[in-house]
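Participant: Let me begin by handing over the structure; questions about it come next.
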Amino acid sequence: MYSYKIHLHKEPEGGYIVIVPALPGCVTYGENVDEAIEMAREAIELFIEELKERGEEIPDDRNTLEYSLNLAVA
């Protein structure tokens, strides 16, 4: 089983761009949060399938810690 963090970025014109940091180039889009998450699941599955076909290592986020920092810049 693989584990991935996804980043959803709200677009000004609507919808969400989804980025999978552990899989560079794995990017998708959804009209709403639920669709964006489902599209991310599909994109990750296809990405992993392609890596397997090429015999490449499959990275994931099992050992990745994530923090959010809020900075007040003057």
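Here, each number is a calculation from the coordinates, and none is a lab measurement. Remember, it's a predicted structure, so these values are computed and weren't measured experimentally. All Cβ positions, even for glycine, are placed from backbone atoms using ideal geometry, and neighbour counts span all protein chains on display.
Participant: Can you work out D for the chain in µm² s⁻¹ from Stokes-Einstein, where Rh is the Kirkwood radius over C-alpha pairs, the temperature is 25 °C and the viscosity is 0.890 mPa s?
Facilitator: Values: Rh = 13.6 Å.
My calculation gives 180 µm²/s for D.
Participant: Further question: Using a 10 Å Cβ count of at most 14 others and DSSP loop calls, identify the longest part of the chain lacking such GluC sites (Glu not before Pro).
Facilitator: 32-55
Participant: Got a sec to turn the phi values of segment 20-35 into Karplus ³J(HN,Hα) couplings, 6.51 cos²θ - 1.76 cosθ + 1.60 with θ = phi - 60°, whole Hz, x for Gly and Pro?
Facilitator: With the stated coefficients, segment 20-35 comes to 10, x, 6, 10, x, x, 8, 9, 8, 8, x, 5, 9, 4, 4, 5 Hz.
Participant: When the Karplus curve 6.51 cos²θ - 1.76 cosθ + 1.60 is applied with θ = phi - 60°, which whole-Hz ³J(HN,Hα) does each residue of segment 8-18 get, with x for Gly and Pro?
Facilitator: Going residue by residue, I get 9, 10, 5, 8, x, 8, x, x, 9, 8, 10 Hz, with x marking Gly and Pro.
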